[in-house]
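Engineer: To start, I am sharing the structure in question, which I have written as structure tokens.
The values are calculated or read from the model by the stated rules, or taken from the named source; none is laboratory data. Note that the coordinates shown come from a computational prediction; the quantities given were computed from them, not determined experimentally. Using ideal geometry, Cβ is built from the backbone for each residue, glycine included, and neighbour counts are taken over all protein chains shown.
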């Protein structure tokens, strides 16, 4: 049994520690928001956050993820994820939608590290694959999210400024 | 002899085809009349099943227990937005906010049909009308409605459901208003309808749900439909209800099914096409590994998790019998194509169009040979299905493109009746035509058959998915044109060597489907019945089939022929020393007045306008820039594309694409833009990167490393302008795909002077530039 | 010799002096024993450089982007060196690579998986240039040549090259033999050809 910290909860999984985290999530825990697209870290559909960084769960082993803070698409919360998801909906990004949780995870990890980037800088860090070709809408959504985050930053005092 | 039927030169095959077709139609009329009499307007008589507290209205609408309206959709949601479109039409027709309507998959044991798709495939000229064609269409339509074959494909979903859903809405509103009129004791024309409530002048009001019990007692009347025009949502669009769950990870796909006690199967197919399992032995024997199943051409290990199944499959001792396996390679396919094209007496040969007298045309000859590779679909969600089989029946959970085909094929495979098969359809992580073939559901059922009473989910790895596809066929075409002294082609000969995809698909569906009786029109889609005015033309296909599995890929034959044909048009323009847009305008002008050429000319005019207003930008990467165009007519819609490229070294960068779309009428314009962008990117990915190679009967490619696809970094900005002509609604989902390859190829020519005649576009494989023959 | 030492009649320093004298005579007369070590060192280098150029090593001794596989194509998905050799943006090496191979995903892994430092760039260098580079003392923070041997015997990413996982050819020479070659090369004076 390996204990994993997922979305703030401790979860025990019986998956082999040398098996990919993706299948512990999907099969042991029935958390199916994280998707299987290629199984070889090429496509990014399996992206989760591990200690705040976008990681490809089809490649990261259960033993590597143990003891770290794992966030899946189901557990995203906070103003950056909220802005990204709202932007995704405003830009009507998903078509078949299968790759989109991976994109949302990748984009939120970039913006959670640094929201003072241009859309081009953010997009240059996204290597996920979409077969429905929603790339124009993704570009628009990233722009919308950045504007929203900038607006929130102006509207509310930053942390620690009191 | 009209232009509807095949060759006027009286070749034996063509005449036989005509006679067979006439016989079928004649026989069909007889059968059709009988069946129709027995099940007249079956779908029109069908009523959606309604449970406690629910009321259904016809085949399409139901007031659910929570008061919301459910609209039944006999098509699957694969990203094209048909669920949202059905909800939009229902909301419009019932004068409700879009949130009050939810789309649901139509019941599978109901006679929904998609005649539009099959009728589109008939070998008739779309632009010519006549009694033979009308009778054929009517008979097929009736047969399909009687038997109820529903499917999603051919960019037909919207066209298929728009009228029936609107008609059902009109009928339902009529019944509700009549019920309200009775309840309130006033004339119907004094009632007010707003926000889902019907009100009397004195203020009495009732919701649709409240009126439903009385309404159900009234008999429905057919209400004449007005022509589709802009309304609250129609012509503007509406937010798709599937977008939030797809963004948040809550939207279920076939691969996400998690039933209690579910087992998982990892499947491996024969590495060579046509191989069968010989020796099969599990090596891992742990309680989690539940067994190994041997199928016709596959082996599957079943375990308590997919991971464990994969591990046990890797370690199993499996060998294959290759006695009947293919041994050919891609080069053999192209050699066979070349031989067929060179063989004047080639037997499996259909003439799909023959106008005028090509032989008599005189003038300067322009000739070229084009080719394109096999392509895989590569949906983001790999093939999978979950099956629960008992002695009495089976349930299949899968993303697919036809619930009827799933039922029929699974029933056939496991020896049950169709009625005993229940199909549950979640969202599809991509279809693109792959999921029209339901082999993944059949295999899942066969595997689950050995674990009766337990749901078993069979997942294909990406390698299995790519290596066991039904590919867009490879093809080779010889095209030649004779330029008259104005530089326009007075004669055109188009010969394509390609397997008969539709025949093969139906051969997989129905064991007794006739093969080779009728020409497969889809193989020349994009070349045949062109809107250009080429007076003397002959379009032929040569059926060459070496046994590689082939199927429907986004835009089907258009994906081949639009590249071949529009590149050739560009070569004619070059030979005539006329600018490509101007040349096409002249070709359209030569066609004279006709709906097709007018629509194409309008689209072309928009390209010309854009070309002037947004000139080609300079190079950003130190390369050469160029702009190319292509026109296409695909599934009754017209698309013009203009691609701006920069060629630096051997790398082709597509910087921007401008597309003009005439799809008749847009119910949801923002979604049309999204679909056209999607289709362009899908076609561009293939144009730049994709190819499937076969070596000694084995597929070479297996994942995104060996089968690269378009990524965010190399996807161009795509600007879509909608320019509707007001014609009938045309297809939308696939129409962007055909034109991007020729537009980019023509742009590369403009930039470098190198003419690319094969796909994927690559400067290493270019035929050396030279003057046309 | 030992007999003389045991009898105590010759001290260690005396023995050493005799050896030096013998060595000097041998050097003076160009005895083959000295050039044997050098030619052995050169021969050893000839085999060492083939290992260094093997995909398992060369794929990560790149400037900006690692290569993948025996076909040595550019790494997919696209990744770059980044400021600390560990990737940039969302594509940090450890976001996909574990401390061991992931056979199901066919993703290689070892502790501290990363690109080799840019100072250890091997791609595009001739055998002679590579030879001079490898034996640059500054690369080893003055712990040369111990650090060189340590790199080959203790660094996990190097040891990985002998157990790279299915679908990747391991180094064709055994690890023990390779270490032996390195020792011969060092012992023989780190011989390099001047070309």
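Engineer: Out of everything in segment A:57-74 that is touching a strand residue (DSSP E or B) at 6+ places or on another chain (Cβ under 6 Å), closer than 16 Å to residue A:31 by Cα and within 8 Å of another protein chain (Cβ to nearest Cβ), what residue ends up being surrounded by the most Cβ atoms within 10 Å (Cβ to Cβ)?
Structural biologist: Going through the qualifying residues, I end up with A:58.
Engineer: Could you pull out the residue among B:238, B:300 that is crowded, with 22+ Cβ neighbours inside 10 Å and away from chain A (no Cβ under 13 Å)?
Structural biologist: Just a single option satisfies the conditions, and that option is B:300.
Here's the yes/no breakdown for (1) out of contact with any helix residue (DSSP H, G or I) (no Cβ under 8 Å at 6 or more places or on another chain); (2) touching a residue at least 60 places away in the same chain (Cβ under 8 Å):
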| residue | (1), (2) |
| --- | --- |
| B:356 | yes, yes |
| B:372 | no, yes |
| B:376 | no, yes |
| B:381 | no, yes |
| B:390 | yes, yes |
| B:396 | no, no |
| B:401 | no, yes |
| B:405 | no, yes |
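Engineer: Is it the case that residue B:520 is within 20 Å of the chain's Cα centre (by Cα) and under 25 Å from residue B:633 (Cβ atoms)?
Structural biologist: yes
Engineer: Residue B:178 - would you say it is in contact (Cβ under 8 Å) with a residue 60 or more places away in the chain and either out of contact with any strand residue (DSSP E or B) (no Cβ under 6 Å at 6 or more places or on another chain) or surrounded by fewer than 24 Cβ atoms within 10 Å (Cβ to Cβ) (or both)?
Structural biologist: no
Engineer: Right, another one. Taking segment C:76-91 on its own, how many of its residues are more than 26 Å from the chain's Cα centre (by Cα) and either facing chain A (nearest Cβ under 7 Å) or crowded, with 19+ Cβ neighbours inside 10 Å (or both)?
Structural biologist: Total satisfying the criteria: 6.
Engineer: Quick check: anything in segment B:363-382 touching a strand residue (DSSP E or B) at 6+ places or on another chain (Cβ under 8 Å), modelled with pLDDT under 95 and either in the same structural domain as residue B:105 (by TED's automatic domain parsing) or not in a strand (DSSP E or B) (or both)?
Structural biologist: yes
Engineer: Right, here's the next one. Residues of segment A:45-56 being part of a loop (DSSP other than H, G, I, E, B) and more than 7 Å from every other protein chain (Cβ to nearest Cβ), which ones?
Structural biologist: Selection gives A:46, A:51, A:52.
Engineer: Here is a further query. Kindly indicate the residue of segment A:118-135 that is surrounded by fewer than 23 Cβ atoms within 10 Å (Cβ to Cβ) and over 20 Å from residue A:55 (Cβ atoms) and also farthest from the other protein chains (Cβ to nearest Cβ) among those meeting that condition.
Structural biologist: Ranking the candidates gives A:118 first.
Engineer: Something else now. If you go through segment B:470-485, how many residues are assigned to a loop (DSSP other than H, G, I, E, B) and crowded, with 24+ Cβ neighbours inside 10 Å?
Structural biologist: Residues flagged as assigned to a loop (DSSP other than H, G, I, E, B) and crowded, with 24+ Cβ neighbours inside 10 Å within segment B:470-485 amount to 2.
Engineer: Next question, about the same structure. Which ranges mark the helices (runs of 4 or more DSSP H) fully within segment C:100-195 that have 3 or more residues being touching a helix residue (DSSP H, G or I) at 6+ places or on another chain (Cβ under 7 Å) and assigned by TED's automatic domain parsing to the domain that holds residue C:58?
Structural biologist: In segment C:100-195, C:127-134, C:146-154, C:175-187 are the helices (runs of 4 or more DSSP H) which contain 3 or more residues that are touching a helix residue (DSSP H, G or I) at 6+ places or on another chain (Cβ under 7 Å) and assigned by TED's automatic domain parsing to the domain that holds residue C:58.
Engineer: Hey, another quick one. Just to be sure, is residue B:324 surrounded by fewer than 16 Cβ atoms within 10 Å (Cβ to Cβ) and more than 14 Å from every other protein chain (Cβ to nearest Cβ)?
Structural biologist: It is true that residue B:324 is surrounded by fewer than 16 Cβ atoms within 10 Å (Cβ to Cβ) and more than 14 Å from every other protein chain (Cβ to nearest Cβ).
Engineer: Being within 26 Å of residue B:407 (Cβ to Cβ) and either modelled with pLDDT of 95 or more or not in a strand (DSSP E or B) (or both) narrows it down to one residue among B:445, B:463; which is it?
Structural biologist: Criteria check complete, one pass: B:445.
Engineer: Give the residue that is farthest from the other protein chains (Cβ to nearest Cβ), with candidates limited to residues of segment A:97-117 that are in a loop (DSSP other than H, G, I, E, B), touching a residue at least 24 places away in the same chain (Cβ under 8 Å) and surrounded by fewer than 24 Cβ atoms within 10 Å (Cβ to Cβ).
Structural biologist: A:115
Engineer: Please specify each residue of segment B:361-382 satisfying the condition of being buried (at least 20 other Cβ atoms within 10 Å of the Cβ) and either over 18 Å from residue B:570 (Cα atoms) or within 14 Å of chain A (Cβ to nearest Cβ) (or both).
Structural biologist: B:361, B:373, B:374, B:375, B:376, B:377, B:378, B:379, B:380, B:381, B:382
Engineer: Among the residues of segment B:672-723 satisfying the criterion of being more than 19 Å from residue B:474 (Cβ to Cβ) and part of a loop (DSSP other than H, G, I, E, B), which is nearest to the chain's Cα centre (by Cα)?
Structural biologist: If we take residues in segment B:672-723 being more than 19 Å from residue B:474 (Cβ to Cβ) and part of a loop (DSSP other than H, G, I, E, B), then B:710 is nearest to the chain's Cα centre (by Cα).
Engineer: Return the pair list, or none, for Cβ contacts closer than 6 Å from residues in segment C:130-142 that are crowded, with 19+ Cβ neighbours inside 10 Å to residues that are at pLDDT 85 or above and part of a loop (DSSP other than H, G, I, E, B), at least 6 apart or on different chains.
Structural biologist: Filtered contacts from segment C:130-142: C:130/C:122; C:131/C:192; C:135/C:190.
Residue-wise test of (1) under 13 Å from residue A:136 (Cα atoms); (2) touching a strand residue (DSSP E or B) at 6+ places or on another chain (Cβ under 8 Å); (3) at the interface with chain A (Cβ under 10 Å from one of its Cβ atoms).
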| site | (1), (2), (3) |
| --- | --- |
| B:648 | no, yes, no |
| B:659 | no, yes, no |
| B:664 | no, yes, no |
| B:672 | no, yes, no |
| B:677 | yes, yes, yes |
| B:696 | no, yes, no |
| B:700 | no, yes, no |
| B:704 | no, no, yes |
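Engineer: In this structure, is residue B:409 within 14 Å of chain A (Cβ to nearest Cβ), at negative phi and in a helix (DSSP H, G or I)?
Structural biologist: no
Engineer: Tally the residues that are free of Cβ contacts under 8 Å to residues at least 24 places away in the same chain and at the interface with chain A (Cβ under 7 Å from one of its Cβ atoms), restricting the search to segment B:706-730.
Structural biologist: Residues in segment B:706-730 being free of Cβ contacts under 8 Å to residues at least 24 places away in the same chain and at the interface with chain A (Cβ under 7 Å from one of its Cβ atoms): 2 in total.
Engineer: Scanning for something surrounded by 15 or more Cβ atoms within 10 Å (Cβ to Cβ), touching a residue at least 60 places away in the same chain (Cβ under 8 Å), over 28 Å from the mean Cα position of the chain (by Cα) and not assigned by TED's automatic domain parsing to the domain that holds residue B:64, does segment B:210-229 turn up at least one residue?
Structural biologist: no
Engineer: Another question, if that's okay. I want to confirm something. Restricting to segment A:21-39 and keeping residues that are touching a helix residue (DSSP H, G or I) at 6+ places or on another chain (Cβ under 7 Å) and farther than 18 Å from residue B:246 by Cα, which single residue is farthest from the other protein chains (Cβ to nearest Cβ)?
Structural biologist: For segment A:21-39, the residue satisfying everything is A:21.
Engineer: Considering only residues that are modelled with pLDDT of 90 or more and under 26 Å from the mean Cα position of the chain (by Cα), which ones fall in segment B:593-606?
Structural biologist: Within segment B:593-606, B:597, B:598, B:599, B:600, B:601, B:602, B:603, B:604 meet the criteria.
Engineer: Could you figure out which of (1) within 9 Å of another protein chain (Cβ to nearest Cβ); (2) closer than 30 Å to residue C:108 by Cα; (3) free of Cβ contacts under 8 Å to residues at least 60 places away in the same chain isn't true of residue A:94?
Structural biologist: All conditions are met except number (2).
Engineer: Let me ask you something else. I'm told residue B:344 meets every condition in (1) more than 29 Å from residue A:97 (Cβ to Cβ); (2) touching a residue at least 12 places away in the same chain (Cβ under 8 Å) except one. Can you identify the failing condition by its number?
Structural biologist: Looking at each condition in turn, residue B:344 falls short on (2).
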